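The values are calculated or read from the model by the stated rules, or taken from the named source; none is laboratory data. Model, not experiment: these values are computed from the prediction. As a convention, Cβ positions derive from the backbone with ideal geometry for all residues, glycine included, and neighbour counts pool all protein chains shown.
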Amino acid sequence: MTVHIQVKDGIMYVVLTYYTQNGRKRKWISTGLKEKGNKMLVKKELDKYIDEYSYLETGQNPNEVIYSEYLTSWHEKRKDQIELSSWQAYSAVIYTHIKPYFEERKFTFNDMTPKTIFEFYEYLSKHGNKRTGEGLATATIKKIASVIKLSLADARVVGLVETNPATDIKIPRVKGQKQVKKIYMNKTEAQKVLDAFKDDPIQPMVYMALFYGLRKSEVLGLKWENVDFNENTFEIKSTLVKNATIIEKDNTKTEESNAVFEMLPQVRKILLKEREKQDAQRELFGSTYLEMGYVFTMPNGRYYRPDGFTRMFQKRLEKAGLPSMRFHDLRHSAASVLFDLGWDIEKIKNWLRHRDIETTSNIYTHISKERKKLMAEELEDLYKI
């Protein structure tokens, strides 16, 4: 788009030249000002005209395009561009929280300002829970905010917004709201968890998560085709995740997650035992046995559903009288045990397959604070005065 000044009948006009699918176009806009004494003033404003009318080249006027309608089409277009599990996660966020709020208000793109977006986040922090009417957890609001930010970043590319209004907006925290607590166990605490799962079919998976720092999706997605007993290695190449449906993925969370692990003697023993158990179950179930290729399976060969597996894990902890935790806390605990053993940050980053050192450093900082607190508590009442 280009812009210049034209004078007609003594009045200055700003003339925009732009291109659409139908070819070259022009738009004349009267300034209402006479040329004499006003030319420099209008010249200084030319960039503003380009910003205001940039939508002419896309055919979409920010004053007319409703954000909630754009969001629906944006979400559909993303289906072929991202992982199905991510797309389903977007669906839940969009149709439960974002679309109902903005659809009710009929906000156009000109209404999508940092102020209105922050007000939306505030609403979520106070009344976002559809079931209870209470506020949502900060972590949930962050997920919602990431979808809004992505959608507006793409809107900027097509000229619907000049800059992304969702950038750098602080997520409000709910006072007194219980946040998800991350657990970093030491070796003794981790051993107690392992002992609690003795004779439980999922104990080998707990062991693998604690030892190698595997994610739940990676433990559930481990396949025999990626286990090499000759080389004593196994490779993480596939995952099993759930959003709206169970999704088997022949890839991992990041490139760094795709890694080959040394199979230490204890791990080799565990995996060989699993193979023997599956052979016996295959014979027992006969033709009804499901050949799915996973290392850890239900008795009939079917994979563990991620949601069902979580319930099994939590139930066993409760039965043993242990604190409630997420399966992912076993990965955190793998890091904390390695720190206690004296591993440096770089070695732990590589072992846990973090994409960048910052992630490992953040975990280290958190663990250090926890450990110092415990050390201080041990010193309490050490001396009498």
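Does Arg26 fit the bill of being modelled with pLDDT of 80 or more, more than 29 Å from Tyr101 (Cβ to Cβ) and of a type outside the set (Asp, Glu)? Yes, satisfied.
Screening Ile183, Ile148 for residues that are at pLDDT below 95 and of a type in the set (A, V, I, L, M, F, W, C) leaves exactly one candidate, Ile183.
Okay, residues lined up against (1) assigned to a helix (DSSP H, G or I); (2) over 30 Å from Tyr95 (Cα atoms); (3) touching a residue at least 24 places away in the same chain (Cβ under 8 Å); (4) among the β-branched types (Val, Ile, Thr):
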residue	(1), (2), (3), (4)
Leu160	no, no, yes, no
Ile169	no, no, yes, yes
Met185	no, yes, yes, no
Met205	yes, yes, yes, no
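From the list Ile246, Ile236, pick out the single residue that is closer than 20 Å to Glu291 by Cα and modelled with pLDDT of 60 or more. Going through Ile246, Ile236 in turn, the sole match is Ile236. Just one of the listed residues (Tyr304, Tyr289) is in the same structural domain as Ser217 (by TED's automatic domain parsing), hydroxyl-bearing (Ser, Thr, Tyr) and in contact (Cβ under 8 Å) with a residue 60 or more places away in the chain, and it is Tyr304.
The number of residues in the range 101-133 being farther than 18 Å from Pro165 by Cβ and at pLDDT 95 or above comes to 0. Determine whether Arg316 is part of a helix (DSSP H, G or I), in contact with an Asp or Glu (Cβ under 8 Å, 6 or more places away or on another chain), modelled with pLDDT of 90 or more and basic (Lys, Arg). Criteria met by Arg316.
Of the residues Pro299, Pro323, the single one that is in a loop (DSSP other than H, G, I, E, B), touching a residue at least 60 places away in the same chain (Cβ under 8 Å) and surrounded by fewer than 16 Cβ atoms within 10 Å (Cβ to Cβ) is Pro323. Taken over the range 130-158, the residue count meeting the criterion of being in a helix (DSSP H, G or I) and either β-branched (Val, Ile, Thr) or surrounded by 13 or more Cβ atoms within 10 Å (Cβ to Cβ) (or both) is 18. Considering only residues in the range 101-129 that are within 20 Å of Arg173 (Cα to Cα) and hydroxyl-bearing (Ser, Thr, Tyr), the one that is surrounded by the fewest Cβ atoms within 10 Å (Cβ to Cβ) turns out to be Thr116. Here Gln278 meets the list (1) modelled with pLDDT under 95; (2) surrounded by 14 or more Cβ atoms within 10 Å (Cβ to Cβ) almost entirely, failing just condition (1).
With respect to Glu218, determine if the residue is buried (at least 19 other Cβ atoms within 10 Å of the Cβ), touching a residue at least 24 places away in the same chain (Cβ under 8 Å) and in the same structural domain as Asn300 (by TED's automatic domain parsing).
It is true that Glu218 is buried (at least 19 other Cβ atoms within 10 Å of the Cβ), touching a residue at least 24 places away in the same chain (Cβ under 8 Å) and in the same structural domain as Asn300 (by TED's automatic domain parsing).
There is at least one residue in the range 1-13 that is at pLDDT 85 or above and either small (Gly, Ala, Ser) or closer than 30 Å to His127 by Cα (or both). For the range 305-334: of the residues being within 14 Å of Leu194 (Cα to Cα) and of a type in the set (Asp, Glu), which is nearest to the chain's Cα centre (by Cα)? The extreme case among them is Asp329.
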